[in-house]
1. With the condition kept exactly as written, say whether any residue in the stretch 133-151 is among the hydrophobic types (A, V, I, L, M, F, W, C), farther than 26 Å from Glu33 by Cα and touching a Lys or Arg at 6+ places or on another chain (Cβ under 6 Å).
2. Can Ile136 be described as among the aliphatic types (A, V, I, L, M), in contact with a helix residue (DSSP H, G or I) (Cβ under 6 Å, 6 or more places away or on another chain) and at pLDDT below 95?
3. Take the stretch 19-47 and flag every residue that is open to solvent by less than 80 Å² (accessible area, probe 1.4 Å) and not in a loop (DSSP other than H, G, I, E, B).
4. How many residues does the stretch 251-306 hold that are crowded, with 16+ Cβ neighbours inside 10 Å, closer than 23 Å to Pro119 by Cβ and of a type in the set (Asp, Glu)?
5. Which one of Leu216, Leu206, Leu242, Leu237 is open to solvent by 30 Å² or more (accessible area, probe 1.4 Å), more than 16 Å from ligand 1 (Cβ to nearest atom) and at negative phi?
6. I'd like the full set of residues that are within 11 Å of ligand 2 (Cβ to nearest atom), touching a Ser or Thr at 6+ places or on another chain (Cβ under 6 Å) and open to solvent by 20 Å² or more (accessible area, probe 1.4 Å), limited to the stretch 334-364.
7. Being assigned to a loop (DSSP other than H, G, I, E, B) and without any contact (Cβ under 8 Å) to a residue 12 or more places away in the chain narrows it down to one residue among Gly240, Gly221, Gly235; which is it?
8. Since Leu180 meets every condition but one in (1) among the aliphatic types (A, V, I, L, M); (2) part of a loop (DSSP other than H, G, I, E, B); (3) surrounded by fewer than 21 Cβ atoms within 10 Å (Cβ to Cβ), which condition does it not meet?
Amino acid sequence: MNCFIFITLLCIPPVFTPEQRTLIQSMANPTFELDTTNAYEQNEQAAKLGQQIFFDPQFSSNGEVSCATCHKPELYFTDGVAVSTGISAVTRNAPTVLNAAHQRWFFWDGRTDTLWGQPIQTFEHPAEMGGDRKDIATTMTSDPVYATLWEEVFGNTKNVPVSVTAANVAKCLAAYQTKLVALDSPFDRFALGDKNAMSESAQRGLQFFIGEGGCLRCHFGPWFTDGAFHTVGVGPLDGGALRDAGRFDAIAILQTAKFTAGSEESDDKLGTRAVISKHIARRREDWGAFRTPSLRNVAKTPPYMHAGQLASLEDVVEHYSTLENFVTADHHRETILVPLELDAQGKADLIAFLESLTGTLPPSHLLAPPK
Ligand code: HEC
Ligand code: HEC
């Protein structure tokens, strides 16, 4: 390719059509919906309690693991490794909890349907924290650090069932995490009219993302996700066959799980979330499917995919570009994906765009135990 064509094709900012501009604008500065299943979601004192618990290792069986062990504020609330280790190693990658409150389903397989449905599973998971809801409940009402604040928020709960106290602990953690927002990225500023907020390369990447790249089929809207479950063909770390059933097993778990939108402890037992969870049925194509992750702050949260199989954004883009080593459960292949065959410039542009989705961390008083 001669230099003139090179310059005209690649080195000028892309021109967005009016339709594309409207689309891009609609992807900026998202808002959160209230979680009606958690009456304490917006309660400041509950959030403070949640923040204290988040950084406190005393609820783990060895007294060393807290939520922040795997969700480190300085790593955008991830742990930087392929699969996490708490008490022992787990099999999945720790997603960020920044912006987590926007989600419809939680965990890579969506096995809980509310943000407060997550913590008790994690506290009691033998490999994660190996704790026990009874100990946590006892601490809340007897420990001097917690008891006063606890009573201010929940009143005297000495005689309420352990499950209610445990659910309230989980709701406090959700209230804290709901404050962990990282938006206002260069992309948002560009979308709202600041032409200089994104480099030309990132703008070309954006054009590819919303156009030819087909990324928008799954990563759409202001959270860059359809909230649904798909297979993109990245196999296990050890190169073997797929073993993690993902969404398929999760639907079975969801139907018997405690602390769901429809459970006794929910503050909106008959709401839409609860009704959907109750009636959801598993389908063959759910086997090996994982949730489309949001791409906000993605450049800050390597490694990637549900088991951290891909080390860098370069590796992710390479995967979508070639679909080499595509692994699939034999009865199902996502038909949407085709190899994109990107050249070096195309890859660099797409990565520059993904980097433009990095927002600012929440204020520093939320990044450590409360004072
Ligand atoms: C041992 C490391 C570890 C610890 C400790 C840990 N997490 Fe996680 N967290 C993970 C992993 C791994 C996942 C994904 C698991 C999966 O999808 O199956 C996860 C998922 C989550 C999610 C779901 C996010 C999403 O996008 O769906 C939230 C929220 C969360 N953790 C919050 C917490 C809180 C609160 C605590 C403390 C009670 C905690 N975590 C403790 C590793 C950990
Ligand atoms: C068929 C739906 C679908 C399409 C199309 C798609 N993705 Fe994904 N994407 C997913 C799912 C599902 C995952 C998680 C897969 C897993 O963990 O196994 C994912 C993961 C990712 C990740 C890793 C995020 C993380 O936190 O680990 C990035 C980056 C990404 N996709 C970017 C893109 C780009 C760029 C395109 C367009 C070239 C694209 N995706 C097209 C569904 C899709």
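The values are calculated or read from the model by the stated rules, or taken from the named source; none is laboratory data. Bear in mind the structure is a predicted one, so any value in this text is a computation, not a measurement. Glycine also receives a Cβ, built like all others from the backbone with ideal geometry; neighbour counts cover every protein chain displayed. Ligands, DNA and RNA are excluded from the accessible area calculation, which covers all protein heavy atoms including side chains. Shrake-Rupley method; radii C 1.70, N 1.55, O 1.52, S 1.80 Å.
1. no
2. Numbers: among the aliphatic types (A, V, I, L, M): yes; in contact with a helix residue (DSSP H, G or I) (Cβ under 6 Å, 6 or more places away or on another chain): yes; at pLDDT below 95: yes.
Spelling it out, Ile136 is indeed among the aliphatic types (A, V, I, L, M), in contact with a helix residue (DSSP H, G or I) (Cβ under 6 Å, 6 or more places away or on another chain) and at pLDDT below 95.
3. Going through the stretch 19-47, the residues open to solvent by less than 80 Å² (accessible area, probe 1.4 Å) turn out to be 20, 23-24, 26-30, 32, 35, 37-41, 43, 45-47.
Answer for the stretch 19-47, where residues must be open to solvent by less than 80 Å² (accessible area, probe 1.4 Å) and not in a loop (DSSP other than H, G, I, E, B): Gln20, Leu23, Ile24, Ser26, Gln45, Ala46, Ala47.
4. Going through the stretch 251-306 one residue at a time, the tally reaches 3.
5. Values: Leu206 fails: open to solvent by 30 Å² or more (accessible area, probe 1.4 Å); Leu242 fails: more than 16 Å from ligand 1 (Cβ to nearest atom); Leu237 fails: more than 16 Å from ligand 1 (Cβ to nearest atom).
Just one listed residue meets the conditions, Leu216.
6. Of everything in the stretch 334-364, those that are within 11 Å of ligand 2 (Cβ to nearest atom), touching a Ser or Thr at 6+ places or on another chain (Cβ under 6 Å) and open to solvent by 20 Å² or more (accessible area, probe 1.4 Å) turn out to be Glu334, Pro339, Leu340, Leu342.
7. Gly240
8. Evaluating Leu180 over (1) among the aliphatic types (A, V, I, L, M); (2) part of a loop (DSSP other than H, G, I, E, B); (3) surrounded by fewer than 21 Cβ atoms within 10 Å (Cβ to Cβ) leaves (3) as the failure.
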